[in-house]
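Shown next, in structure tokens, is the structure this report addresses.
The values are calculated or read from the model by the stated rules, or taken from the named source; none is laboratory data. Because the structure is a prediction, the values reported are computed rather than measured. As a convention, Cβ positions derive from the backbone with ideal geometry for all residues, glycine included, and neighbour counts pool all protein chains shown. Accessible surface areas use protein heavy atoms only, side chains included; no ligands, DNA or RNA. Shrake-Rupley method; radii C 1.70, N 1.55, O 1.52, S 1.80 Å.
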Protein chains: 2
Amino acid sequence: MVTLTALYKRPEDTAAFDDHYTNVHTPLVAKVPGLRKMEVSRFSKMLTPPNALISDQPYLECTMYFDNMDSFKAAMASEENKAAGKDLMSFAGPLVSMFVGVREDITL
Amino acid sequence: MVTLTALYKRPEDTAAFDDHYTNVHTPLVAKVPGLRKMEVSRFSKMLTPPNALISDQPYLECTMYFDNMDSFKAAMASEENKAAGKDLMSFAGPLVSMFVGVREDITL
């Protein structure tokens, strides 16, 4: 599936961030048309030293899943996504990095 | 679920990396006891500028899922994981960052 991944640097006030993320931001994202699944990771430990890509343990990651690139593009252009993006910038602008990708299950 | 997330910086030789990742590394990881699910994202676009956490678009992300922390710890201590870890360092030591976390589905 096509994914939008948001990776967050640890905020200074984690309690305020968590409250806004859970109670304001997530409900706005959930309204975005075409969003099929949303997963959130909260990281507790970094097993490797900082390297040329990453300077520190990220705080949180959210993966948002869409059926295909057309669905993703339509989602990005929606009013609901504009509202979620505006909210994101209001509380996490300097903290968040966003990546578009394709995600697949690996058969075990 | 408890997750181990591996985030890779873009390698210089992506074809050699892809070949080793798919044909050597993934089969080794798939043998780790207690591994319930494995997902791989390949990123195509970064929507945000570099920030204090991330200097560039990551190349690939793998999320490995375990039932709980006991299962994760047993997996990490297994011979199969030692073999996968040794292989990882052989082809991606300076490229990979690894994080332990808890991942949840968000109800839409």
Given the options A:22, A:2, A:76, identify the residue whose Cα lies farthest towards the positive end of the charge dipole of the range A:1-77 (+1 on Cβ of Lys, Arg; -1 on Cβ of Asp, Glu).
A:2
Can you work out ³J(HN,Hα) from phi for every residue in the range B:4-18, in order, using Karplus 6.51 cos²θ - 1.76 cosθ + 1.60 and θ = phi - 60°, giving whole Hz and x for Gly and Pro?
10, 10, 10, 10, 10, 5, 4, x, 5, 9, 5, 5, 5, 4, 4
Relative contact order of the range A:27-108, pairs being alpha-carbon contacts under 8 Å that are 6 or more residues apart, as %:
37
Per DSSP H run of n ≥ 4, the term is -39500 (n - 2.57); total these for chain B, divide by its residue number, and report the mean residue ellipticity at 222 nm rounded to 500 deg cm²/dmol.
-8500 deg cm²/dmol
With θ set to phi - 60° and the Karplus curve 6.51 cos²θ - 1.76 cosθ + 1.60, what are the ³J(HN,Hα) couplings of the range A:92-98 in order, to the nearest whole Hz, using x for Gly and Pro?
9, x, x, 9, 9, 10, 10
Using the heavy atoms of the protein chains and a 1.4 angstrom probe, tell me the accessible area per residue for chain A in square angstrom.
47
Under the Karplus relation 6.51 cos²θ - 1.76 cosθ + 1.60, θ = phi - 60°, what is the ordered set of whole-Hz ³J(HN,Hα) values for the range B:45-62, x standing for Gly and Pro?
7, 10, 8, 10, x, x, 9, 5, 8, 10, 8, 6, 5, x, 8, 8, 10, 10
Treating every alpha carbon of the range B:26-108 as one equal point scatterer without solvent, the Debye formula yields log10 I(q)/I(0) values at q = 0.10, 0.11, 0.20 Å⁻¹ of -0.31, -0.38, -1.08
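Past 30 Å, Cα to Cα: identify those pairs from B:45/B:73; A:9/A:37; A:9/B:31; A:82/B:73; B:45/B:82, in the order given.
On the way: B:45/B:73 34 Å; A:9/A:37 22 Å; A:9/B:31 32 Å; A:82/B:73 41 Å; B:45/B:82 33 Å.
Flagged as over cut-off: B:45/B:73; A:9/B:31; A:82/B:73; B:45/B:82.
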About the Cα centre of chain B, how large is the charge dipole given +1 on each Lys and Arg Cβ and -1 on each Asp and Glu Cβ? Please answer in debye to the nearest 20.
100
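In the range B:1-41, which trypsin sites (Lys or Arg not before Pro) fall in coil by DSSP and have 16 or fewer other Cβ atoms within 10 Å?
Sparse-neighbourhood loop trypsin sites (Lys or Arg not before Pro): B:31, B:36.
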Ignoring ligands, DNA and RNA and using a 1.4 Å probe, state the total buried accessible area between A and B in Å², rounded to the nearest 100.
4200
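Ignoring any ligand, DNA or RNA, what whole percent of the accessible area of the range B:15-85 comes from carbon and sulfur when the probe is 1.4 angstrom?
C and S atoms contribute 56 percent here.
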